Amino acid sequence: MKKPFWQRKTLAQMSPAEWESLCDGCAKCCLHKLEDEDTGELFFTNISCRLLDAESCRCGDYPNRVSQVPECLVLKLSEPETFDWLPLTCAYRLIAEGKPLADWHPLVSGSGSSVHSAGMSVRGRVVAEQHVAEQDYEDHVVYWVDG
């Protein structure tokens, strides 16, 4: 039996459709992050991008997201440092590190809702950025992002 594409291809070898299908729909990458200037440590908040549909965990304007949100994280193989800004559970990061996808990943489970059923998405756990003052972001740091 032939292995699935994510087990036999590198990220660079994937087609655009395969690349996009790696997204598990958790929306953790759509959360605001804070970086400790001294240590470089990254902290996720429960504050979502204004474009995030918190129920579906999908971008409300994916094709135009960068023009609307210039700081939107766009993954590029030519910029591997962007992968450090992804949660440890992210398929892009896992594949880049040579690790397997989680059992709850939709490509593994065969179900698009498995990420939500497993409690791995941000569904029901976020507040939209327009409801939080930037000086209060530190009050919204969360530790559930990677597990």
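Structure summary
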quantity: Signed unit charges on C-beta, dipole axis of segment 17-142, positive-most listed residue C49, V69, A17; calculated: A17
quantity: FRET E, pair V108, S56, Förster distance 25 Å, beta-carbon r, rounded to 0.05; calculated: 0.75
quantity: Residue exposure sequence - T89, T82 - by fewest surrounding Cβ within 10 Å; calculated: T82, T89
quantity: Residues W104, W144, sorted so that the one with the fewest Cβ neighbours within 10 Å comes first; calculated: W144, W104
quantity: Where labels lie 7 Å past Cα in the beta-carbon direction, separation of S67 and Q135 in nm; calculated: 3.5 nm
quantity: Computed [θ] at 222 nm, helices only, for the chain once each DSSP H run of length n ≥ 4 contributes -39500 (n - 2.57); calculated: -3500 deg cm²/dmol
quantity: Longest exposed-site-free window of the chain, the sites being trypsin sites (Lys or Arg not before Pro) in a DSSP loop that have at most 11 other C-beta atoms within 10 Å; calculated: 3-75
quantity: The chain: projected area of the alpha-carbon convex hull, averaged over directions, in nm²; calculated: 9.5 nm²
quantity: Gain upon complete extension [K99, Y143; 0.36 nm per residue less C-alpha separation]; calculated: 13.7 nm
quantity: Among beta bridges that DSSP assigns inside the chain, antiparallel share in %, nearest 5; calculated: 80 percent
quantity: Length added when fully stretched, D84-E35, from 0.36 nm per residue minus Cα-Cα; calculated: 16.5 nm
quantity: 13 Å beta-carbon shell around S117, net charge (K/R +1, D/E -1); calculated: -1
quantity: Gyration tensor (alpha-carbon) shape descriptor, segment 26-93, a/c threshold 1.5; calculated: prolate
quantity: Cβ charges +1 (Lys, Arg) and -1 (Asp, Glu), total dipole of the chain, debye; calculated: 1120 debye
quantity: Full-extension gain in nm, S117 to V74, via 0.36 nm per residue minus C-alpha separation; calculated: 12.8 nm
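Bear in mind that the values in this text are calculations on the coordinates, not laboratory data. Keep in mind that what you see is a predicted model, and the values were worked out from it rather than measured. Counting neighbours? That spans all protein chains shown, and the Cβs are built from the backbone with ideal geometry, glycine included.
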